[in-house]
1. Which of the residues belonging to the range 44-68 are surrounded by 14 or more Cβ atoms within 10 Å (Cβ to Cβ) and farther than 14 Å from residue 251 by Cβ?
2. Anything in the range 192-213 that is out of contact with any helix residue (DSSP H, G or I) (no Cβ under 7 Å at 6 or more places or on another chain), in a loop (DSSP other than H, G, I, E, B) and under 23 Å from residue 140 (Cα atoms)? List them, or say none.
3. Do we find a residue being over 20 Å from residue 244 (Cα atoms), surrounded by fewer than 19 Cβ atoms within 10 Å (Cβ to Cβ), modelled with pLDDT of 95 or more and touching a strand residue (DSSP E or B) at 6+ places or on another chain (Cβ under 6 Å) anywhere in the range 185-206?
4. Count, please, the residues in the range 59-80 that happen to be touching a residue at least 40 places away in the same chain (Cβ under 8 Å) and part of a loop (DSSP other than H, G, I, E, B).
5. For residues in the range 16-53 being under 15 Å from residue 158 (Cα atoms) and in contact with a helix residue (DSSP H, G or I) (Cβ under 8 Å, 6 or more places away or on another chain), which is modelled with the highest pLDDT?
6. Among (1) more than 19 Å from residue 156 (Cβ to Cβ); (2) at pLDDT 95 or above, where does residue 228 come up short?
7. Taking the options 167, 180, name whichever one is within 22 Å of residue 207 (Cα to Cα), buried (at least 16 other Cβ atoms within 10 Å of the Cβ) and touching a strand residue (DSSP E or B) at 6+ places or on another chain (Cβ under 6 Å).
């Protein structure tokens, strides 16, 4: 079964931004790892689209919550941009990512309407979007709308880290995969130190990924589920993010009929 790329069909979309360095001091595994991460980052959507769905959250105590979400992708001549909107009861949460060729992602997050300034009013559908400040790396290790998906997860920030290494090739979840280890050279105390991901050899989509905390302990397990064929294209209908340390779990379910 072929797992098509979450980059092209779900909210997890990224852009070119890997740090360029000379390769004469790198091992073959590191050279291959950087090349693979670069190929993943070079993928981008061809047109605008919107996905609607729901975040189904179960915390470590077994309490459940459902939050409606909307995920918009807007492609421009210079870059492409993702907007993630969560309809929280008390306030809205809007997360915004700018992907530009040969640059790192830029992230903005709004959780209230007060004390904000206009952002990117030149783009249709974005005139309502505001920001208080651009986010730092440490701030990206925080949950989106209280879910197990962190803000850095939504931008697949770990593929931008300079240290990438191919560990091996193997069949994983019925897919031929390349196992890629992404290592954070400067992990924050609340962030990831490394991510090990199984990349489908055909689609370059993530079949599964484990994230490790600053102490090197396994923290999260991410995997897509429920492939559906919509208008001749395979799309991932849901994605799972589990926090293996707290026991919490979030399922992002898309309404592909829309």
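1. 44, 45, 48, 51, 52 - these are the residues of the range 44-68 that are surrounded by 14 or more Cβ atoms within 10 Å (Cβ to Cβ) and farther than 14 Å from residue 251 by Cβ.
2. Going residue by residue through the range 192-213, those that are out of contact with any helix residue (DSSP H, G or I) (no Cβ under 7 Å at 6 or more places or on another chain) are 193-194, 196-198, 200-203, 207-213.
Next, only the ones that are in a loop (DSSP other than H, G, I, E, B) stay: 193, 201-203, 213.
Within the range 192-213, 193, 213 meet the criteria.
3. No, there is no match, as no residue in the range 185-206 is over 20 Å from residue 244 (Cα atoms), surrounded by fewer than 19 Cβ atoms within 10 Å (Cβ to Cβ), modelled with pLDDT of 95 or more and touching a strand residue (DSSP E or B) at 6+ places or on another chain (Cβ under 6 Å).
4. Initial filter on the range 59-80 (touching a residue at least 40 places away in the same chain (Cβ under 8 Å)): 59-60, 65, 67, 69, 71-74, 76, 79-80.
Restricting the remaining residues to those that are part of a loop (DSSP other than H, G, I, E, B) gives 59-60, 76.
Residues that pass the stated criteria total 3.
5. 37
6. That leaves (2) as the condition not met.
7. Working: 167 fails: buried (at least 16 other Cβ atoms within 10 Å of the Cβ).
Of 167, 180, the one residue that is within 22 Å of residue 207 (Cα to Cα), buried (at least 16 other Cβ atoms within 10 Å of the Cβ) and touching a strand residue (DSSP E or B) at 6+ places or on another chain (Cβ under 6 Å) is 180.
To keep it simple, each residue is scored yes or no on (1) surrounded by fewer than 16 Cβ atoms within 10 Å (Cβ to Cβ); (2) modelled with pLDDT under 75; (3) on the phi < 0 side of the Ramachandran plot.
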{"site": "105", "(1), (2), (3)": "no, no, yes"}
{"site": "109", "(1), (2), (3)": "no, no, yes"}
{"site": "113", "(1), (2), (3)": "yes, yes, yes"}
{"site": "119", "(1), (2), (3)": "no, yes, yes"}
{"site": "126", "(1), (2), (3)": "no, yes, yes"}
{"site": "129", "(1), (2), (3)": "no, yes, yes"}
{"site": "137", "(1), (2), (3)": "yes, no, yes"}
{"site": "141", "(1), (2), (3)": "no, no, yes"}
{"site": "148", "(1), (2), (3)": "no, no, yes"}
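The values are calculated or read from the model by the stated rules, or taken from the named source; none is laboratory data. Here the structure is a predicted model, which is why all the values come from computation and not from measurement. Because the Cβ atoms are built from the backbone with ideal geometry, glycine has one as well, and the counts that use them run over all protein chains shown.
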